[in-house]
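Everything on this sheet refers to the single structure shown next.
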Amino acid sequence: MTSTERATRTVPPAPTRPGEQRAPTYRLPKTPPAAWSPAGCRRRTWVSRAVLLLLLALQSALSLRLSNTAFQDEALYLTAGHAELAHLLQGTPSAVDYAAYFSGSPHLYPVLAAAVDSRFGLSGARTLSLLFMLGTTGLLYSFTRRLFNERAGLAAAALFAVMQSTVVMGYFATHDAPALFLLALATWIIVRTDRAPATAVLVAVPVAVLAVGVKYAAGLYLPTLVGLALLTAWPHQGAKAIARALLLALGTAGLLALGMHGTDLLAGVRRTTTHRDHGSDGAGFLLWQSAQWGGLMFLTAVGGAISYVRRSRMGESPLTWRLRDPSRRTRMLLGSLLCTTALLAPAYQVHLGTMVSLFKHIGYGLLFAAPLAGVGLTRLVGAHFRHPHLGIALWAAALCLGIAQADGRFGSWPDSSRMIRTISSDVNGNGHYLSSTPEVPAYYLRERTAHWQWRSVFGMAYTDRNHIRHTGDAAYRAALRDGEFDLIVLDGFTNPQVDRVISRALKGNPRYRLLAHLPFGNPSHDRADSLLRSALFSEYGGRYRIWVKQ
């Protein structure tokens with residue numbers, strides 16, 4: 001101690017009477033009940049947000065690394081959007097009734113995506129989907145944090161961000177990304193207003209209805225939203241939560257009925273969702289595919305639900321012990337609701353017998369199971385990060401699966417760039433064309449041709465020159481015999497049976513000549529056990545075959 005410090009130090013006065021005690025030079029501070037800050041403090045909030053930003057950056061990198069030309073669904077929605085934009089801005093009538101077979105309103109997402117595509121191209125439309133998926137992950141963190149805590153929210157976001165459905169939809173120009181974002185936003189509103197008056201939940205009504213309008217399959221998750229409205233408010237409002245759930249249900253039903261009144265949306269819902277044709281994919285195969293794409297996260301969510309039912313306390317700090325926990329029954333109902341929701345898409349596709357879009361639809365249910373998966377991951381790590389290696393191993397497994405499955409998905413269709421360059425000089429606004437995936441050339445060559453000029457290999461009706469009507473395979477044979485099409489593009493795997501019919505009808509046909517064989521490699525398939533497709537690739541070598549009319 002320096003001489004200056006000694007001079008300035010305050011010395012307690014000496015005792016004035018014998019036996020009098022000198023005053024203490026310092027006092028011990030009061031010991032806090034916890035050695036760390038409670039949940040909700042400023043430092044903890046900003047650290048959580050920083051980690052969330054890192055997770056969003058990782059999600060962006062995983063999606064942006066994917067690359068391929070437009071998939072037929074992407075090309076279809078963008079082509080429809082350009083047609084709707086032309087109708088809105090220039091009054092150009094659309095020759096195709098998209099509302100009759102779209103699984104979402106053609107006036108919503110396709111128009112937005114086409115506007116972006118007009119300025120930034122396909123990569124811009126795909127980046128739009130990435131923004132929606134990043135918003136979905138952010139909302140997932142927020143309402144999981146509200147339901148449980150920051151750690152569970154970060155764990156849920158970390159798992160959801162690397163799932164193959166999330167990664168693929170984040171760079172896939174279809175209406176799934178905005179529909180999922182709207183479902184997440186409706187869920188966030190419901191969870192965020194759990195202590196507010198019952199009428200506050202009505203803010204979620206237009207958001208949920210808009211999600212259904214963007215993609216009709218989102219309606220499958222409306223009962224889950226109503227259940228969340230009840231269960232999240234019950235610990236705070238008791239029986240009043242029933243009125244909250246009823247308000248949400250009646251408001252959503254009323255707005256949906258109003259939206260369908262006087263429009264053809266109901267016909268579109270029936271044709272593409274509720275009354276669509278059943279496929280031939282077996283239940284075992286569909287369940288196996290679902291387990292591959294979402295089984296790890298689902299099992300983690302089930303484990304989290306069981307752990308949450310057994311022990312509700314989510315915080316390690318003693319400051320949280322006096323908080324009121326939901327009852328065991330409420331916890332059990334919440335866990336059952338969220339885990340069961342993850343099974344809705346696989347169950348419905350088993351009912352339909354088709355795996356079409358299953359790789360995307362499974363992500364809808366995982367959004368609702370993710371909060372419990374976050375709980376499961378945090379409970380696996382343990383209090384005070386007792387077993388971090390277990391959590392790291394689980395997340396690393398999810399990451400590896402997500403990367404491999406996303407790469408396989410984006411490699412499941414051929415690169416069409418060479419094909420488009422080859423046929424661009426042979427199409428115009430007057431011809432009729434046949435293609436395995438007509439949406440792709442219709443999108444890339446929209447300045448030269450219109451969508452109605454292209455026919456697909458999935459069903460056809462044709463009236464020949466003798467006024468005889470043909471359907472199915474006979475329609476293709478009759479049309480080729482009459483030289484109906486000016487150009488034909490087959491890829492050998494989109495519809496192998498019809499491709500065989502067309503190839504045989506073209507063999508020796510004097511009206512057509514073979515223009516090109518363009519190899520594109522052997523795309524990966526969801527049904528690797530398909531003997532027919534394997535035989536086709538052995539025969540055709542995985543290439544586009546292009547014929548032109550002589």
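The values are calculated or read from the model by the stated rules, or taken from the named source; none is laboratory data. All of these numbers come straight from a predicted model, not from anything done at the bench. FYI the Cβ positions are ideal-geometry reconstructions off the backbone, even for glycines, and counts take in every protein chain you see.
Taking the criterion of being of a type in the set (Phe, Trp, Tyr), part of a loop (DSSP other than H, G, I, E, B) and under 25 Å from residue 417 (Cα atoms), the only residue of region 69-102 that qualifies is 71. Check off (1) outside any helix (DSSP H, G or I); (2) at pLDDT 90 or above for residue 363 and give me the number that stays unchecked. Exception for residue 363: condition (1). The selection criterion, being within 14 Å of the chain's Cα centre (by Cα) and hydrophobic (A, V, I, L, M, F, W, C), holds for residue 179.
Pairs linking a residue in region 242-254 that is assigned by TED's automatic domain parsing to the domain that holds residue 190 and under 10 Å from residue 201 (Cα atoms) to a residue that is buried (at least 19 other Cβ atoms within 10 Å of the Cβ) and modelled with pLDDT under 95, with Cβ atoms under 6 Å and 6 or more positions apart or on different chains, are 244/198; 244/233; 247/198.
Checking residue 195 against (1) in a helix (DSSP H, G or I); (2) modelled with pLDDT under 95, which single condition isn't satisfied? With respect to (1) in a helix (DSSP H, G or I); (2) modelled with pLDDT under 95, residue 195 is out only on (1).
Checking residue 28 against (1) modelled with pLDDT of 90 or more; (2) farther than 30 Å from residue 139 by Cβ, only one condition comes out false. Which one? Result: residue 28 passes all but (1). When you scan region 394-410, do you find a residue that is over 26 Å from residue 139 (Cβ atoms) and touching a strand residue (DSSP E or B) at 6+ places or on another chain (Cβ under 8 Å), even just one? Checked region 394-410: no residue is over 26 Å from residue 139 (Cβ atoms) and touching a strand residue (DSSP E or B) at 6+ places or on another chain (Cβ under 8 Å). Meeting the requirement of 3 or more residues that are crowded, with 16+ Cβ neighbours inside 10 Å, the strands (runs of 3 or more DSSP E) wholly within region 410-506 are 433-435, 487-490. Among the residues making up region 72-98, those that are over 21 Å from residue 125 (Cα atoms) and aliphatic (A, V, I, L, M) are 95, 96. On inspection, residue 277 passes the criterion of being over 29 Å from residue 150 (Cα atoms), modelled with pLDDT under 90 and in a loop (DSSP other than H, G, I, E, B). The sole residue among 152, 161, 198 that is more than 28 Å from residue 410 (Cβ to Cβ), out of contact with any strand residue (DSSP E or B) (no Cβ under 6 Å at 6 or more places or on another chain) and buried (at least 24 other Cβ atoms within 10 Å of the Cβ) is 152.
Every test in (1) within 17 Å of residue 436 (Cα to Cα); (2) modelled with pLDDT under 90 is passed by residue 546 save one, and that test is (2). Within region 107-134, residues that are surrounded by fewer than 18 Cβ atoms within 10 Å (Cβ to Cβ) reach partners that are assigned to a helix (DSSP H, G or I) and hydrophobic (A, V, I, L, M, F, W, C) with beta carbons closer than 6 Å, at six or more positions or on different chains, in the pairs 124/116. The number of residues in region 49-81 being over 18 Å from residue 172 (Cβ atoms) and crowded, with 19+ Cβ neighbours inside 10 Å comes to 2. Here residue 425 fulfils each of the conditions (1) under 32 Å from the mean Cα position of the chain (by Cα); (2) small (Gly, Ala, Ser); (3) not assigned by TED's automatic domain parsing to the domain that holds residue 75 apart from (1). Between 157, 113, the distinction of being touching a Ser or Thr at 6+ places or on another chain (Cβ under 7 Å) and of a type in the set (A, V, I, L, M) belongs to 157 only.
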